[in-house]
Amino acid sequence: MSMKIVVAIKQVPSRDSQLKVNASGTWIEEADLAWEINEPDAYALEAGLQLREKLAGEVVVLCAGPESASQTIREALAKGADRAIHIEAFHKGAAAGFTDPLALARVMAKALESEKPDLILTGLQSDDLGYGQTGVILAEVMGLPHATIIMNVEPSGNGIKVKRELEDGWFQQVEMPLPALLTIQSGATKLRYATLMGIKKAKTKEVKRVAASELTGSGNPSIRLDRIYLPVKAKHSQIFDGSPKEAATKLVEKLRFEARVL
């Protein structure tokens, strides 16, 4: 059983970055940031590479982002992906127009029309916006069965068997037909490093570039990011009237239902 696996990855600011809001208040200041692959997407890539090792086939990386995202794509190719599709936007972050997961999913679906993958893997969510929606919306747009919070994927007959993480240490085993889409949980397995040979081979692997403007036409965005800002820290005092017993009762209610510390 050979399988074509598409792994969607995203370039995000490094976790060690010191983030500052830009002058217009519409996004973070990007001038001096370091960038890396979104951590949940790195686990999606690892899951795809492990499946290819078991079943043969190919792993195709799909990334929407500016020219600088080429570094993240090359990292994925160095780890073992066979080729890549780069949906090129000409700006980073909010300016790229990819803060709307529905619009992004439609663009990604259009880019994959000719690929006809057996399996699409995405990270559970992105480290920057954290919507956790792009993968499941992409499945809906493409008309694919999907499952989320995946810890493990195994071939099963003509389909796959997946292990989903639930609450309180519970897991769910689900058998699914192909083609399908899965969102992968971080920490599901150990990530591999790119080898020196892998880094050399990555320079010769195919990267298909397509302008995001060629894939649009889906109408007005469903989400618009107007402003971002740091949480406002403020102190607030409240005096409870009545007897000490009545005041204590009101205090307990505030702590339980508003502060949620009881």
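The values are calculated or read from the model by the stated rules, or taken from the named source; none is laboratory data. Just so it is clear, the structure is predicted and the values come from calculations on it, not from any experiment. Backbone-built Cβ (ideal geometry, glycine too); neighbour counts: all protein chains shown.
Would it be correct to say that Ala211 is at negative phi and within 23 Å of the chain's Cα centre (by Cα)? Before you say what the answer is, go through the steps one by one.
Working: at negative phi: yes; within 23 Å of the chain's Cα centre (by Cα): yes.
Here the answer is yes, as Ala211 does meet what is asked.
Only residues that are touching a helix residue (DSSP H, G or I) at 6+ places or on another chain (Cβ under 9 Å), within 20 Å of Ile228 (Cβ to Cβ) and not aliphatic (A, V, I, L, M): list them for region 27-69, please.
Scanning region 27-69 gives Trp27, Glu30, Trp35, Asn38, Gly65, Pro66.
Among the numbered conditions (1) exposed (fewer than 10 other Cβ atoms within 10 Å of the Cβ); (2) in contact with a strand residue (DSSP E or B) (Cβ under 8 Å, 6 or more places away or on another chain); (3) among the aliphatic types (A, V, I, L, M), tell me where Ala211 comes up short.
Ala211 satisfies every listed condition except (1).
Considering only region 123-177, state which residues are in a loop (DSSP other than H, G, I, E, B), surrounded by fewer than 17 Cβ atoms within 10 Å (Cβ to Cβ) and modelled with pLDDT of 95 or more.
Answer for region 123-177, where residues must be in a loop (DSSP other than H, G, I, E, B), surrounded by fewer than 17 Cβ atoms within 10 Å (Cβ to Cβ) and modelled with pLDDT of 95 or more: Gly143, Pro145, Pro177.
Take the residues of region 90-122 that are of a type in the set (Gly, Ala, Ser) and at pLDDT 85 or above: which is nearest to Leu144 (Cα to Cα)?
Looking only at region 90-122, we keep the residues that are of a type in the set (Gly, Ala, Ser), and these are 93-97, 103, 105, 109, 111, 114.
Restricting the remaining residues to those that are at pLDDT 85 or above gives 103, 105, 109, 111, 114.
Values: Ala103: 17, Ala105: 13, Ala109: 11, Ala111: 16, Ser114: 16 Å.
The residue in question is Ala109.
Could you figure out which of (1) over 30 Å from Val21 (Cβ atoms); (2) under 15 Å from the mean Cα position of the chain (by Cα) isn't true of Met142?
The number of the failed condition is (2).
Taking region 106-122, which residues are in a helix (DSSP H, G or I) and of a type in the set (D, E, K, R)? Can you show your working first?
From region 106-122, those in a helix (DSSP H, G or I) are 106-111; that's our starting set.
Arg106, Lys110, listed by residue number.
Hey, among the residues in region 57-74 that are under 15 Å from the mean Cα position of the chain (by Cα) and not in a helix (DSSP H, G or I), which one's surrounded by the most Cβ atoms within 10 Å (Cβ to Cβ)?
As a first pass, look at region 57-74 and keep what is under 15 Å from the mean Cα position of the chain (by Cα): 61-65, 69, 72-73.
Narrowing the set further to residues that are not in a helix (DSSP H, G or I) leaves 61-65.
Details: Val61: 29, Leu62: 25, Cys63: 24, Ala64: 25, Gly65: 24.
Residue satisfying both the conditions and the ranking: Val61.
Please indicate, with yes or no, whether at least one residue in region 145-164 is acidic (Asp, Glu) and within 17 Å of the chain's Cα centre (by Cα).
Applying the first criterion (acidic (Asp, Glu)) to region 145-164 yields 154.
Subset that is within 17 Å of the chain's Cα centre (by Cα): none.
No; the residues of region 145-164 include none that is acidic (Asp, Glu) and within 17 Å of the chain's Cα centre (by Cα).
Name the residue, out of Ala180, Ala247, Ala259, that is surrounded by 14 or more Cβ atoms within 10 Å (Cβ to Cβ) and aliphatic (A, V, I, L, M).
On the way: Ala247 fails: surrounded by 14 or more Cβ atoms within 10 Å (Cβ to Cβ); Ala259 fails: surrounded by 14 or more Cβ atoms within 10 Å (Cβ to Cβ).
Going through Ala180, Ala247, Ala259 in turn, just one is surrounded by 14 or more Cβ atoms within 10 Å (Cβ to Cβ) and aliphatic (A, V, I, L, M): Ala180.
If Ile87 satisfies every condition in (1) surrounded by 21 or more Cβ atoms within 10 Å (Cβ to Cβ); (2) assigned to a loop (DSSP other than H, G, I, E, B) but one, which is the exception?
Only one criterion is unmet by Ile87, namely (2).
Looking at (1) farther than 21 Å from Val60 by Cα; (2) in contact (Cβ under 8 Å) with a residue 40 or more places away in the chain; (3) surrounded by 12 or more Cβ atoms within 10 Å (Cβ to Cβ), which is the only condition Lys254 fails?
(2)
Filter region 43-56 down to the residues that are of a type in the set (Lys, Arg) and either closer than 15 Å to Ile120 by Cβ or crowded, with 19+ Cβ neighbours inside 10 Å (or both) and list them by number.
Our first condition is that a residue be of a type in the set (Lys, Arg); within region 43-56, this holds for 52, 54.
Residue satisfying the conditions is Arg52 alone.
Just to be sure I understand, how many residues within region 11-38 are surrounded by 17 or more Cβ atoms within 10 Å (Cβ to Cβ) and either out of contact with any strand residue (DSSP E or B) (no Cβ under 7 Å at 6 or more places or on another chain) or polar (S, T, N, Q) (or both)?
4
Run down Glu214, Glu206, Glu246 and say which single residue is acidic (Asp, Glu), modelled with pLDDT of 85 or more and within 30 Å of Arg74 (Cβ to Cβ).
Every option except Glu206 fails the conditions.
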